[in-house]
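Q: Below is a structure I'd like to ask you about.
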Amino acid sequence: MADNTSKTREQQTIELRALIRRHKRWDILFGLVGLLALSVGILTLAALFVDMAVAGIPRLTADFFTEFPSRRASQAGILSAWVGSALVMAVTALVAVPLGIAGAVYLEEYARKNWFTDVIEINITNLAGVPSIIYGLLALGLFVYTFGLGQSILTAGLTLALLILPIVITTTREALRSIPQHVREAAYACGASQWQVISHHLLPYGTPGILTGVIIGLSRAIGETAPIITIGALTFIAFLPPVPFQGEPPAGLFDWLFSPFTVMPIQIFNWTSRPDPAFHQNAAAASFVLVFMTLGMNALAIWLRYRLRKNIKW
């Protein structure tokens, strides 16, 4: 009887080891397939980036950044494009960041959990997946025609702010949710009000995640083309927005908000649509600058998150 029990146990051990070996083989196979898929994506991106860099880097001179677009490729620059992108991003950040953080704080800390807030949350989630061209059509009808803001920097900034607002709200809520509940309970136990808990504890502790979401949203906005074309961005512009208190008569403090504009993606689109290979080289150089700006913003997000998380002590 004991011999039969021992043989049964040995047989079960053998079967279990065989099963583990089969599962390990599947794990190795799945890992290799995943590595192959990742390699294809990375190598494709690297090849495109290298090709763009090889074609565009020779055009990256000081004149390229300080000259306006021109009908002659050798004299064309991106001055109006990168200045326009910087101003549009400034308006986008000034609108989207406060509204997004305030909306997230309200939904996460103040709003009651009922059907109304459920509808709002569902709509925010859906808006994050809406094609950007829809935001352009909305802005064309709302900001350009209804509010009369025209085809201006302000209209572009508000359009892109609407585009990234769901991203800012979602990432801010996730950052607030990641804070342990005992931080809130300890603050309330010390007599803090709800706003004091939010302003003194939740927002400072959630700043790394909030900043990451904000910069990721801005990185998406800086490369958008469809909504900017829809609201009437110019493809060729050889002047800069008015500088406050400069010129004759002196410009107002906010006159630049209502100035016509162009941005980097529009300038790249304009150059790539021309048959002259020299303009294609300019487009490659401008694309390299735009990619570098986007990578720089993402690198800044990683660095800020690392630095701020080092200072958090629960």
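The values are calculated or read from the model by the stated rules, or taken from the named source; none is laboratory data. Since we're looking at a predicted model, the values are computed, not measured. With ideal geometry, Cβ positions are generated from the backbone for all residues, glycine too; neighbour counts draw on all protein chains shown. Just the protein is used for accessible areas: all its heavy atoms, side chains included, with ligands, DNA and RNA removed. Shrake-Rupley method; radii C 1.70, N 1.55, O 1.52, S 1.80 Å.
Q: Is it the case that the stretch 237-255 has a residue that's closer than 24 Å to I167 by Cβ and under 26 Å from the mean Cα position of the chain (by Cα)?
A: no
Q: Take P69 and tell me if it is over 24 Å from the mean Cα position of the chain (by Cα), touching a residue at least 24 places away in the same chain (Cβ under 8 Å) and either open to solvent by less than 30 Å² (accessible area, probe 1.4 Å) or within 20 Å of L240 (Cβ to Cβ) (or both).
A: Yes; evaluated as a whole, the condition is true for this residue.
Q: Shifting gears a bit: Name every residue in the stretch 84-102 that is closer than 24 Å to I228 by Cβ and surrounded by 16 or more Cβ atoms within 10 Å (Cβ to Cβ), in order of residue number.
A: The answer is G84, S85, L87, V88, M89, V91, T92, A93, V95, A96, V97, G100.
Q: Out of everything in the stretch 245-299 that is of a type in the set (G, A, S) and open to solvent by less than 20 Å² (accessible area, probe 1.4 Å), what residue ends up being farthest from G213 (Cα to Cα)?
A: My answer is A251.
Q: Return only the number of the condition from (1) out of contact with any Ser or Thr (no Cβ under 9 Å at 6 or more places or on another chain); (2) closer than 30 Å to R309 by Cβ; (3) of a type in the set (A, V, I, L, M) that L160 does not satisfy.
A: Among (1) out of contact with any Ser or Thr (no Cβ under 9 Å at 6 or more places or on another chain); (2) closer than 30 Å to R309 by Cβ; (3) of a type in the set (A, V, I, L, M), the lone unmet condition for L160 is (1).
Q: From the list S6, S74, exactly one residue is modelled with pLDDT under 85 and under 28 Å from L240 (Cβ atoms). Which is it?
A: Working: S6 fails: under 28 Å from L240 (Cβ atoms).
Checking each option against the conditions leaves just S74.
Q: Can you tell me which residue is surrounded by the fewest Cβ atoms within 10 Å (Cβ to Cβ) among those in the stretch 233-244 that are farther than 20 Å from L149 by Cβ and touching a residue at least 40 places away in the same chain (Cβ under 8 Å)?
A: Only one residue fits best here, namely A238.
Q: A follow-up question, please. Return only the number of the condition from (1) over 25 Å from the mean Cα position of the chain (by Cα); (2) farther than 21 Å from A90 by Cα that N270 does not satisfy.
A: (1)
Q: Here are A81, A96, A55: which of them is touching a His at 6+ places or on another chain (Cβ under 8 Å) and touching a residue at least 60 places away in the same chain (Cβ under 8 Å)?
A: So the residue among A81, A96, A55 that is touching a His at 6+ places or on another chain (Cβ under 8 Å) and touching a residue at least 60 places away in the same chain (Cβ under 8 Å) is A55.
Q: Right, A221: open to solvent by less than 30 Å² (accessible area, probe 1.4 Å), farther than 17 Å from I78 by Cα and free of Cβ contacts under 8 Å to residues at least 60 places away in the same chain or not?
A: Values: open to solvent by less than 30 Å² (accessible area, probe 1.4 Å): yes; farther than 17 Å from I78 by Cα: yes; free of Cβ contacts under 8 Å to residues at least 60 places away in the same chain: no.
No: the conditions fail for A221.
Q: Still on this structure, please answer the following. Among the numbered conditions (1) at pLDDT 85 or above; (2) hydrophobic (A, V, I, L, M, F, W, C); (3) open to solvent by 20 Å² or more (accessible area, probe 1.4 Å), tell me where I302 comes up short.
A: (1)
Q: Only one of (1) open to solvent by 60 Å² or more (accessible area, probe 1.4 Å); (2) assigned to a helix (DSSP H, G or I); (3) within 30 Å of L140 (Cα to Cα) is not met by G213, so which one is it?
A: Unmet for G213, out of (1) open to solvent by 60 Å² or more (accessible area, probe 1.4 Å); (2) assigned to a helix (DSSP H, G or I); (3) within 30 Å of L140 (Cα to Cα): (1).
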